[in-house]
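Structure first, commentary second.
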Amino acid sequence: MLMSALGMRWTRIRIRQNHTVAAAEAGPREAAAPLPSLAAPATPTASEGMATFVEQAATAPPMASVVEELTQPEAGPDQAESPVAPVSATASRTMAKVEVLGAVRVTVAGKEVSFGRAEGRALFALLATSKDGELSESVIERLWPGEGERGVRRLETAVRDVNGSMRQAMGLGPAVKFVVKAGMRRRLSAAYFDVDWWRFEEAYVEANSADSELVRRRALWRMLDLYQGPLLADRDDLWCLPLRQAATTQAVGAVLRLAELVRKDDADRALGALTLAVDRIDPYNEVLWRQIMMIQGELGRLPALELTLQQLTERLREIEAQPSPQTRQLYQKFIN
């Protein structure tokens with residue numbers, strides 16, 4: 001759809017905080033099937049900008065924030081969903097918190113870590129997207145293509161910069177290495193870093209392999225809560241773009257699956273997840289907007305449905321587009 005053309009633009013558009021909640025018919029491309037994990041280089045903070053309902057005519061109570069939903073049990077037919085702590089509470093205090101879902105940010109004991117060289121910042125961003133690390137040749141090819149021996153020297157400079165900056169931030173001696181070499185691969189030491197993207201991918205795997213719906217829901221909620229913005233949002237390197245788009249695709253798929261699981265028990269909760277998705281994940285994804293509209297229409301919230309279409313139209317106008325015929329047909333189906 002529109003995502004591939006917007007990988008660079010959406011990071012500069014400020015997403016408005018409040019939106020009508022809504023839901024869409026699932027089409028061939030809208031199915032909640034598992035999405036492939038990133039093949040290339042693959043903490044959390046309290047969730048910001050939680051969407052709230054703007055449905056003036058709705059009879060349902062206001063939707064709580066997603067973080068609050070994660071900490072509240074959800075009643076099911078046979079058992080309640082156990083409370084899940086917000087992701088910001090799961091990180092170890094002895095580790096550096098790394099956020100790459102959104103702008104890249106590294107903090108130790110609440111203090112931000114800065115790398116002194118552009119090479120160090122680039123290497124850290126790349127390795128933070130892959131828990132297993134990258135071949136040294138692949139790192140050079142991605143970060144400094146065509147530089148030959150100079151690329152090798154820049155890699156070693158980057159490693160020294162990351163190690164030195166992290167030692168100073170954590171108060172550790174020169175023997176400690178934060179960028180380790182295993183065979184021909186370079187990677188960040190998992191003993192020192194708690195990376196939001198790594199936990200996002202772990203939740204993705206759990207959601208696809210869970211034996212129970214309860215476990216699957218928890219994993220999907222974690223994915224939604226961890227996604228604070230486009231992957232490596234503050235970097236405009238070409239190698240970031242396919243990773244960013246793939247991460248967005250994973251997040252959108254997780255929201256669609258979550259909404260489908262939740263809506264049968266709590267339509268408002270499904271609306272809350274979808275509303276957060278169009279605020280934070282992909283503001284131009286009509287599949288998400290139609291899911292919102294579908295649920296609103298089924299609940300008979302026609303004023304909210306009309307407002308949702310207006311909001312979508314305004315969003316698409318930002319990229320010189322307009323709602324598709326499928327979206328308008330869905331709207332007419334309920335209005336008529």
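The values are calculated or read from the model by the stated rules, or taken from the named source; none is laboratory data. Bear in mind that the values here come from a model prediction, so they are computed numbers and not experimental data. Neighbour counts run over all protein chains shown; Cβ positions are idealised from the backbone, glycine included. For accessibility, only protein heavy atoms count, side chains too; no ligands or nucleic acids. Shrake-Rupley method; radii C 1.70, N 1.55, O 1.52, S 1.80 Å.
Only residues that are aliphatic (A, V, I, L, M) and in contact with a strand residue (DSSP E or B) (Cβ under 8 Å, 6 or more places away or on another chain): list them for region 136-157, please.
Kept after step one, since they are aliphatic (A, V, I, L, M), are these residues of region 136-157: 139-140, 143, 152, 155.
Hits for region 136-157 are VAL139, LEU155.
Tell me, which residue of region 240-260 that is surrounded by 19 or more Cβ atoms within 10 Å (Cβ to Cβ) and more than 13 Å from the chain's Cα centre (by Cα) is farthest from LEU127 (Cα to Cα)?
Step by step, filter region 240-260, then rank; the result is ALA259.
Looking only at region 191-214, count every residue that is closer than 22 Å to CYS240 by Cβ and out of contact with any strand residue (DSSP E or B) (no Cβ under 8 Å at 6 or more places or on another chain) and tell me the total.
First, the residues of region 191-214 that are closer than 22 Å to CYS240 by Cβ: 193-204.
Narrowing further to those that are out of contact with any strand residue (DSSP E or B) (no Cβ under 8 Å at 6 or more places or on another chain): 198-199, 201-204.
Going through region 191-214 one residue at a time, the tally reaches 6.
Which one of GLY116, GLY146, GLY110 is surrounded by fewer than 18 Cβ atoms within 10 Å (Cβ to Cβ), in contact with a helix residue (DSSP H, G or I) (Cβ under 7 Å, 6 or more places away or on another chain) and either of a type in the set (Gly, Ala, Ser) or over 22 Å from GLY171 (Cα atoms) (or both)?
So the residue among GLY116, GLY146, GLY110 that is surrounded by fewer than 18 Cβ atoms within 10 Å (Cβ to Cβ), in contact with a helix residue (DSSP H, G or I) (Cβ under 7 Å, 6 or more places away or on another chain) and either of a type in the set (Gly, Ala, Ser) or over 22 Å from GLY171 (Cα atoms) (or both) is GLY116.
Is it the case that some residue within region 267-282 is closer than 30 Å to LEU123 by Cβ, touching a helix residue (DSSP H, G or I) at 6+ places or on another chain (Cβ under 8 Å) and hydrophobic (A, V, I, L, M, F, W, C)?
First pass over region 267-282, keeping only residues closer than 30 Å to LEU123 by Cβ: 280-282.
Add one more test, that the residue is touching a helix residue (DSSP H, G or I) at 6+ places or on another chain (Cβ under 8 Å), and what stays is 281-282.
Now drop any that are not hydrophobic (A, V, I, L, M, F, W, C), which leaves 281.
Yes, region 267-282 has at least one match.
Please list, ordered by first then second residue, the pairs with beta carbon atoms under 8 Å, 6 or more apart or interchain, first in region 196-216 and under 24 Å from GLU99 (Cα atoms), second of a type in the set (Asp, Glu) and open to solvent by less than 50 Å² (accessible area, probe 1.4 Å).
Listed pairs, sorted by first residue: ASP196/GLU99.
Exactly one of (1) under 22 Å from ALA103 (Cα atoms); (2) open to solvent by less than 50 Å² (accessible area, probe 1.4 Å); (3) part of a helix (DSSP H, G or I) is unmet by PHE334. Its number?
The one condition PHE334 does not meet is (1).
Between ARG301, ARG290, which is modelled with pLDDT of 95 or more, buried (at least 23 other Cβ atoms within 10 Å of the Cβ) and more than 29 Å from LEU101 (Cβ to Cβ)?
Details: ARG290 fails: more than 29 Å from LEU101 (Cβ to Cβ).
Of ARG301, ARG290, the one residue that is modelled with pLDDT of 95 or more, buried (at least 23 other Cβ atoms within 10 Å of the Cβ) and more than 29 Å from LEU101 (Cβ to Cβ) is ARG301.
Would you be able to say whether some residue in region 56-77 is in a helix (DSSP H, G or I) and either surrounded by fewer than 16 Cβ atoms within 10 Å (Cβ to Cβ) or modelled with pLDDT of 95 or more (or both)? Give the derivation first.
To start, the set of residues in region 56-77 that are in a helix (DSSP H, G or I) comprises 66-70.
From what's left, either surrounded by fewer than 16 Cβ atoms within 10 Å (Cβ to Cβ) or modelled with pLDDT of 95 or more (or both): 68.
Within region 56-77, one or more residues are in a helix (DSSP H, G or I) and either surrounded by fewer than 16 Cβ atoms within 10 Å (Cβ to Cβ) or modelled with pLDDT of 95 or more (or both).
In region 263-303, what count of residues is obtained for those that are of a type in the set (Lys, Arg), part of a helix (DSSP H, G or I) and closer than 23 Å to TYR204 by Cβ? Before you say what the answer is, go through the steps one by one.
Taking region 263-303 as the starting set, the residues that turn out to be of a type in the set (Lys, Arg) are 263-264, 269, 280, 290, 301.
Now drop any that are not part of a helix (DSSP H, G or I), which leaves 269, 280, 290.
Filter once more, so that each one left must be closer than 23 Å to TYR204 by Cβ: 269, 280.
Qualifying residue count for the region: 2.
Determine whether ALA321 is modelled with pLDDT of 95 or more, assigned to a loop (DSSP other than H, G, I, E, B) and either open to solvent by less than 10 Å² (accessible area, probe 1.4 Å) or more than 24 Å from GLU213 (Cα to Cα) (or both). Full working, then the answer.
Numbers: modelled with pLDDT of 95 or more: yes; assigned to a loop (DSSP other than H, G, I, E, B): yes; either open to solvent by less than 10 Å² (accessible area, probe 1.4 Å) or more than 24 Å from GLU213 (Cα to Cα) (or both): yes.
Against the criterion (modelled with pLDDT of 95 or more, assigned to a loop (DSSP other than H, G, I, E, B) and either open to solvent by less than 10 Å² (accessible area, probe 1.4 Å) or more than 24 Å from GLU213 (Cα to Cα) (or both)), ALA321 qualifies.
Could you run through region 94-113 and say how many residues are modelled with pLDDT of 95 or more and not in a strand (DSSP E or B)?
The qualifying residues number 5.
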